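For reference, the structure discussed in these notes is given below.
The values are calculated or read from the model by the stated rules, or taken from the named source; none is laboratory data. Because the structure is a prediction, the values reported are computed rather than measured. Every residue, glycine among them, receives a Cβ derived from its backbone with ideal geometry; neighbour counts consider all protein chains shown. Side chains included, ligands, DNA and RNA excluded: accessible areas come from the protein's heavy atoms. Shrake-Rupley method; radii C 1.70, N 1.55, O 1.52, S 1.80 Å.
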Amino acid sequence: MLYIKSFTFNPFQENTYLLYDENGNGTLIDPGCFDLAERKELLDFVTEKNIRVTQLLNTHCHIDHVLGNAWAKKTFGVELLIHKEEEAVLKAVEVYAPNYGFVGYESSEADGFLKEGDEIKVGDEVLKIIFVPGHAPGHVVFHHEATHQCIAGDTLFRGSIGRTDLPGGDHELLLSKIKSQLFTLPEETVIYPGHGPETTIAFEKTHNPFVGKNARP
């Protein structure tokens with residue numbers, strides 16, 4: 001069984017996810033925790049549930065998703081895995097972080113790289129890596145086929161999609177990848193986005209104004 005705990009952190013209201021199994025094996029995805037209170041909230045949950053965090057993953061490396069990377073690497077003694085195309089995106093954060101008020105941001109480096117089709121294990125649970133660029137050049141999504149759950153980052157939201165006006169963004173590519181990579185998943189698949197509430201593939205196919213059945217061509 002795979003459990004998913006979400007936390008909402010930082011002024012961007014970013015969703016951080018902790019995935020863990022019944023044996024306490026844990027994987028942390030997109031740690032947006034920056035201040036002491038946020039980090040304590042995450043650490044308290046890990047301690048309470050007796051979770052062993054053994055992996056750190058980023059769906060992509062925009063500032064709001066990586067604010068806690070360096071802290072998590074040191075606190076849990078884990079390596080950071082990202083897509084190779086996000087390496088420059090991650091590096092850029094240290095340059096512009098002060099402009100967003102994140103004085104004291106500590107940069108981090110990737111220890112390895114994720115590729116489309118790779119599989120990541122949380123204990124015995126398997127996450128399949130799906131490549132969905134458009135919001136960011138190396139954006140990946142983590143799909144747990146066994147329970148039809150998907151950590152989707154900033155690709156697909158409830159009633160919306162990720163913004164594409166940032167460096168490396170590509171609107172048409174994102175639309176295409178959502179349709180070919182995410183909308184081909186079972187309709188009962190639950191999407192856990194990088195911001196806002198969860199949704200399902202079925203709901204977005206019907207109601208999403210950008211990629212749903214009534215979207216403008």
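Some observations on this one:
- Sole exception among (1) closer than 20 Å to PRO197 by Cβ; (2) of a type in the set (Gly, Ala, Ser); (3) surrounded by 20 or more Cβ atoms within 10 Å (Cβ to Cβ); (4) in contact (Cβ under 8 Å) with a residue 60 or more places away in the chain for SER6, by number: (3)
- Only one of LYS205, LYS179 that is in contact (Cβ under 8 Å) with a residue 12 or more places away in the chain, at negative phi, surrounded by fewer than 15 Cβ atoms within 10 Å (Cβ to Cβ) and not in a strand (DSSP E or B): LYS179
- Of the residues ASN69, ASN23, ASN99, the single one that is more than 19 Å from the chain's Cα centre (by Cα), closer than 30 Å to GLY169 by Cα and not acidic (Asp, Glu) is ASN99.
- Looking across segment 66-89, the residues that are farther than 15 Å from LEU28 by Cα and open to solvent by 10 Å² or more (accessible area, probe 1.4 Å) come down to HIS83, LYS84, GLU85, GLU87, ALA88, VAL89.
- Flag if LYS128 is assigned to a helix (DSSP H, G or I), over 12 Å from the mean Cα position of the chain (by Cα) and modelled with pLDDT of 95 or more: no
- Any hit, segment 69-77, residues being in contact with a His (Cβ under 6 Å, 6 or more places away or on another chain) and modelled with pLDDT of 95 or more: no
- Residues (surrounded by 14 or more Cβ atoms within 10 Å (Cβ to Cβ) and more than 16 Å from the chain's Cα centre (by Cα)) located in segment 108-117: SER108
- Cβ pairs under 6 Å, 6+ apart, first in segment 157-172 and within 22 Å of THR206 (Cβ to Cβ), second surrounded by fewer than 16 Cβ atoms within 10 Å (Cβ to Cβ): PHE157/GLY196; ARG158/GLY196; ARG158/PRO197
- Test: residue in segment 147-169 that is basic (Lys, Arg), farther than 19 Å from LEU19 by Cβ and either in contact with a Pro (Cβ under 6 Å, 6 or more places away or on another chain) or assigned to a loop (DSSP other than H, G, I, E, B) (or both): yes
- Residue that is farthest from LEU80 (Cα to Cα), among those in segment 22-43 that are open to solvent by less than 10 Å² (accessible area, probe 1.4 Å) and of a type outside the set (Val, Ile, Thr): GLY24
- Scanning segment 9-41 for residues that are of a type in the set (A, V, I, L, M, F, W, C) and either touching a residue at least 12 places away in the same chain (Cβ under 8 Å) or assigned to a strand (DSSP E or B) (or both) returns PHE9, PHE12, LEU18, LEU19, LEU28, ILE29, CYS33, PHE34.
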